[in-house]
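The values are calculated or read from the model by the stated rules, or taken from the named source; none is laboratory data. What you see is a predicted model, and the numbers here were worked out from it, not measured in a lab. Glycine also receives a Cβ, built like all others from the backbone with ideal geometry; neighbour counts cover every protein chain displayed.
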């Protein structure tokens, strides 16, 4: 069984990220994935003394976060778009670590008025820098796929896009070490 972590990247009050993450979790085939939704609201602002690239984590929350990412076979980041990019908590979470992201298969599910295209594009760049393997993204558009209050009205096209992303993640997990796509 593969371990899929779905990260809720928004921490603001009234956020709909947990609802979107639960929808994503429900779409993952239970015969293939053991799914856990991870909420970034308990991860404080970066407070380690040493650089993440050195891997000398001192704080218990950093060690726990490193374990969560490292033990994941694949990750889906669920992100809104704030001011044409992603929210600070996901950047903070990425910045805490380095080696744990290396070759980690990641898919992005954005949501917002434009489907979070800017947010997912920016996240792809950041995750690429830490050598994560971003397999792709999809975006849920307000009023078409999801309402601003979190009611999901996702159609077949978006469901198919998410299914393709989950298949891509599964394929990357199943690839032998050192294989290229």
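Here are the numbers for the structure shown:
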| item | result |
| --- | --- |
| Single match in 181, 132 (criterion: touching a helix residue (DSSP H, G or I) at 6+ places or on another chain (Cβ under 8 Å) and modelled with pLDDT under 95) | 181 |
| Residue selected from the stretch 96-117 under the condition surrounded by fewer than 17 Cβ atoms within 10 Å (Cβ to Cβ) and within 22 Å of residue 12 (Cβ to Cβ), by the criterion nearest to the chain's Cα centre (by Cα) | 117 |
| Selected residue (only one of 93, 88 is crowded, with 18+ Cβ neighbours inside 10 Å and farther than 17 Å from residue 135 by Cβ) | 93 |
| Leading residue by the ranking (surrounded by the most Cβ atoms within 10 Å (Cβ to Cβ)) among those in the stretch 28-52 that are farther than 21 Å from residue 72 by Cα and more than 19 Å from the chain's Cα centre (by Cα) | 48 |
| Only one of 28, 93 that is farther than 23 Å from residue 125 by Cα and modelled with pLDDT of 95 or more | 28 |
| The stretch 118-154 - residue that is at positive phi and not in a strand (DSSP E or B) and, of those, surrounded by the most Cβ atoms within 10 Å (Cβ to Cβ) | 150 |
